[in-house]
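Below is one structure; the comments refer to it alone.
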Amino acid sequence: MTRVLLADFAHARSGDKGNSVNIGLFPYRDEDYYLIREKITAERVKEHFAGLVEGEVVRYEAPNIKAFNFVLRGALNGGASRSLRSDNLGKCFGANLLRMPVQID
Amino acid sequence: MKSVRIGAGQGFWGDSPFPALQVAQSGDVKYLCCDALAELTLAILQKARQKDPDKGYVEDLFFTMLLQPCYQKSIKILTNAGGINPSGAGRAVYGLAQKMGLKGLKIAVITGDDLLPRLGELKKAGVDLSDMECGGDISSIEDRILFANAYLGAQPMVEALKAGADVVITGRTSDPAQFLAPMVYELGWGWEDWDRLSAGILLGHLMECSAQSTGGNFGGDWWNIPDMERIGYPVAEVWENGDAVLTKPEGTGGWVKLNTVKEQMLYEVHDPAGYITPDVVADFTSPTLEEDGPNRVRITGMKGRQRPERLKVSIGYSDGWLGEALIRYSWPQAMKKARKAEEIIRKQFASLGLTFDEMITEYIGYNSLSGPLAWGDGDDLNEVGLRIAVRTRNKADAARMPRLLPPLALNGPPTASGAGGMPRPRELIGLWSALVPREEVEKQVRLDILEVE
C-alpha cells in the first residue's frame, strides 16, 4: 500500500450555486477513473470537508468524459453573497479536495 | 451541411474586453455572445437602480470597444447586460451607436424576467414560492426582497434576430441562452429538437465563462498554458445536426484541449445527466469529446430531454451586514502574534458587551482559503494576516467592529501592520430560488426594437 495525494493523479475545478459547491474531478489518465470511483466516495468527501460543509455530499458520474461531479450542500456559509469567508465563491474547494490522501495497492 | 460560427465576448461583469475584440477581429464569427450576470450581479445592479432609476444595467467598456468593430463586420451581439433595467441599457447603447454614427443599427430590448412587482399576486394565486434549497416560506424574507427575476430562455432572442436585430439586450436569462439563440436562428432548429437544443446549451455552457474553457482557471498543469496574457476566448463552429468544434481565434494564447474543456463542462453543474434550462434538459453525460487538431475539440452525439414546465426565479433579499478587519504580523512567531491578537480582540469584545450574529476569524497565509484543511501549525510562516469578519443586523455595528483593531499596533504584540485602511461594511444578500409556472413569465415578455437614425 502506498499513500499518495489525490492531486498526484487528478485535477479539479469548483464553483458555487446558492449555498452549494460543486467540484468536477478529472483523472489525468483515463484508467484512474476506476480508482476514483472506488476510493473517492461521497462519504469520504463529506468526511474530508468536515467543518466546512454542513449538508450532504452527492457524487455524480460522467463516464463519457471520465469525470466525477461532487455536489456539497450547505458548503458556503449561506452562499456567495452572504458568506463571511474569504473564499466566498468556493473557488478553492477543488484544490482542497485534491489534498485528500489516497491509499493505493 | 449548414454551420455557424459563434464567439464568446464576456464571462462576467468586469471581464476583459480585449479578447472579445480579438474574437471579433480574427475569430471569423457571425455572433458575439456575452454572459454578464453572475448569480449576485442583480443585487449590485438593484442598488444602482435605487440611486438612479435610469441605471441598473451593466456599465463597462464592452460596447464602447466592440460596437463599432462588430457593426463594420456585421457581427451581431447578444448579451444579458441589461441586468435589472434592459430598457435603460438599450437607451445607453442607442446613444452610443448614434454618437458613433452607426446608422441603421437595430437594437432589440427584451424585458419580462422581472417578477418583483408580481410576487404578491403569484403568492395569492397559490404559486409555491418556497426556497428550493432550504424549503423556507417566502414570508420570512418578504419585507427584505431586493429583486426577483425569472430565468428566460432563448426564444425571445430568436424572435429579436428574426426581426433583424444587430444587438440583443436582455435581463436575466439562463447563462447559455445567448449562445443557443443564434444557433436556433441560423440552423433552423425546432423548439422540440431536444438533442440539438441540448447541443446548443452545452456549447453555450462551454463559452459562457469566457476563457474558462480555453485555459483560464485551469486546475491541471496550468503552468504549461501558453501566453495567458493574451488568452483567447472560445469560438464554436456548430453544424446543423448539433455537432460542433470548440476552438479559439488564431494567434491567441491559451489552450483548447480535452482537459480544459472537460473542466468547464462540469463547472457549476449539479446532475450532469440533467442540466435544466428553460429551453431543454441537457444530458452532459451523452456527448463524445475528442481532440481534432491543435486547439480544436470536437463534440458530437449530444442528447437532451423535454424542457421543464416551470421556470426558476432567483430572489435576492437583504440579509444583514458584513464588517471585516485585517491586521498583519511578520516573522518571527507571526502566527503566534496573530493568535494573540485574536485572543485580545475577543476579550475586548466580551468586556464591551459586543455580540454579533456570527463571527469568523481567518489567518491569511495559513488557512483563509482552506479552513480546517490547512496543513501544519503555521509556525514558520514569514507573515500572517488576522482577518475578522462579523455578521450584524445593521450597518453601524458592522462599521464599528473594525475600529477596535488599529490600537493593537501600539497595545498588542509587535510588528502589527496594515490595520489602517479598513474595508467598508458590505450589505449581505441572501439568494432564494423558487419555481413558477412558465406561462406566468412568458405572458409578460416584451420585445422592443430601436433603430439608429
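Every number here is computed from the coordinates shown, using simple stated rules; none is lab data. Everything numeric in this text was worked out from a predicted model, so none of it was measured. Don't worry about glycine lacking a Cβ; one is built from the backbone with ideal geometry, like all the others, and counts go over all protein chains shown.
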Inset, instruction - With the condition kept exactly as written, say whether any residue in the stretch B:203-222 is more than 12 Å from chain A (Cβ to nearest Cβ) and either free of Cβ contacts under 8 Å to residues at least 40 places away in the same chain or farther than 22 Å from B:ALA38 by Cβ (or both). - result: no
Legend entry - Sole exception among (1) in contact with a helix residue (DSSP H, G or I) (Cβ under 9 Å, 6 or more places away or on another chain); (2) in contact (Cβ under 8 Å) with a residue 12 or more places away in the chain; (3) within 14 Å of chain A (Cβ to nearest Cβ); (4) of a type in the set (S, T, N, Q) for B:SER368, by number: (1)
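Quick check on my filter: what residues within the stretch B:227-268 are within 14 Å of chain A (Cβ to nearest Cβ) and not acidic (Asp, Glu)? Lay out the reasoning, then the answer.
Keep residues of the stretch B:227-268 that are within 14 Å of chain A (Cβ to nearest Cβ), which gives B:246, B:255, B:257-268.
Those that are within 14 Å of chain A (Cβ to nearest Cβ) and not acidic (Asp, Glu): B:LEU246, B:TRP255, B:LYS257, B:LEU258, B:ASN259, B:THR260, B:VAL261, B:LYS262, B:GLN264, B:MET265, B:LEU266, B:TYR267.
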Inset, instruction - Restricting attention to the stretch B:411-453, report how many residues are more than 30 Å from A:SER20 (Cα to Cα), in a strand (DSSP E or B) and not basic (Lys, Arg). - result: 6
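Could you tell me how many of the residues in the stretch B:245-296 are part of a loop (DSSP other than H, G, I, E, B) and under 20 Å from B:PRO19 (Cβ atoms)?
Qualifying residue count, the stretch B:245-296: 13.
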Legend entry - Count - residues of the stretch B:373-394 that are under 28 Å from the mean Cα position of the chain (by Cα) and outside any loop (DSSP other than H, G, I, E, B): 7
Inset, instruction - Scan the stretch B:1-46 residue by residue and report those that are touching a residue at least 60 places away in the same chain (Cβ under 8 Å), farther than 20 Å from B:ILE77 by Cβ and in contact with a Gly (Cβ under 9 Å, 6 or more places away or on another chain). - result: B:LYS2, B:GLU39, B:LEU40, B:LEU42, B:ALA43, B:GLN46
Legend entry - Residue pairs meeting the criteria (Cβ under 8 Å; at least 6 apart or on separate chains; first over 15 Å from B:GLU362 (Cβ atoms), in the stretch A:87-99; second basic (Lys, Arg)): A:GLY94/A:ARG13
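Per-residue answers, yes or no, for (1) surrounded by fewer than 19 Cβ atoms within 10 Å (Cβ to Cβ); (2) β-branched (Val, Ile, Thr):
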site: B:THR288; (1), (2): yes, yes
site: B:ASP292; (1), (2): yes, no
site: B:ILE299; (1), (2): no, yes
site: B:GLN306; (1), (2): yes, no
site: B:ILE315; (1), (2): no, yes
site: B:GLU324; (1), (2): no, no
Inset, instruction - Would you mind stating whether A:LEU76 is part of a loop (DSSP other than H, G, I, E, B), in contact (Cβ under 8 Å) with a residue 60 or more places away in the chain, touching a strand residue (DSSP E or B) at 6+ places or on another chain (Cβ under 9 Å) and closer than 22 Å to B:CYS134 by Cα? - result: yes
Inset, instruction - Of the conditions (1) assigned to a loop (DSSP other than H, G, I, E, B); (2) away from chain A (no Cβ under 11 Å), B:ARG346 clears all except one; give me its number. - result: (1)
Inset, instruction - Hey, could you check the stretch B:184-226 for residues that are polar (S, T, N, Q) and assigned to a helix (DSSP H, G or I) and say which is surrounded by the most Cβ atoms within 10 Å (Cβ to Cβ)? - result: B:SER213
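Given the structure, is B:GLU324 assigned to a helix (DSSP H, G or I) and within 13 Å of chain A (Cβ to nearest Cβ)? So that I can check it myself, show each step before the final result.
On the way: assigned to a helix (DSSP H, G or I): no; within 13 Å of chain A (Cβ to nearest Cβ): yes.
In short, no.
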Inset, instruction - Specify the residue that is nearest to the other protein chains (Cβ to nearest Cβ); the eligible residues are those in the stretch A:6-48 that are within 10 Å of A:VAL102 (Cα to Cα) and under 13 Å from the mean Cα position of the chain (by Cα). - result: A:ALA7
Inset, instruction - Filter the stretch B:31-59 for residues that are surrounded by 16 or more Cβ atoms within 10 Å (Cβ to Cβ) and in a loop (DSSP other than H, G, I, E, B) and give the result. - result: B:ASP35, B:ALA36, B:LEU37, B:ALA38, B:GLU39, B:LEU40, B:LYS55, B:GLY56, B:TYR57, B:VAL58, B:GLU59
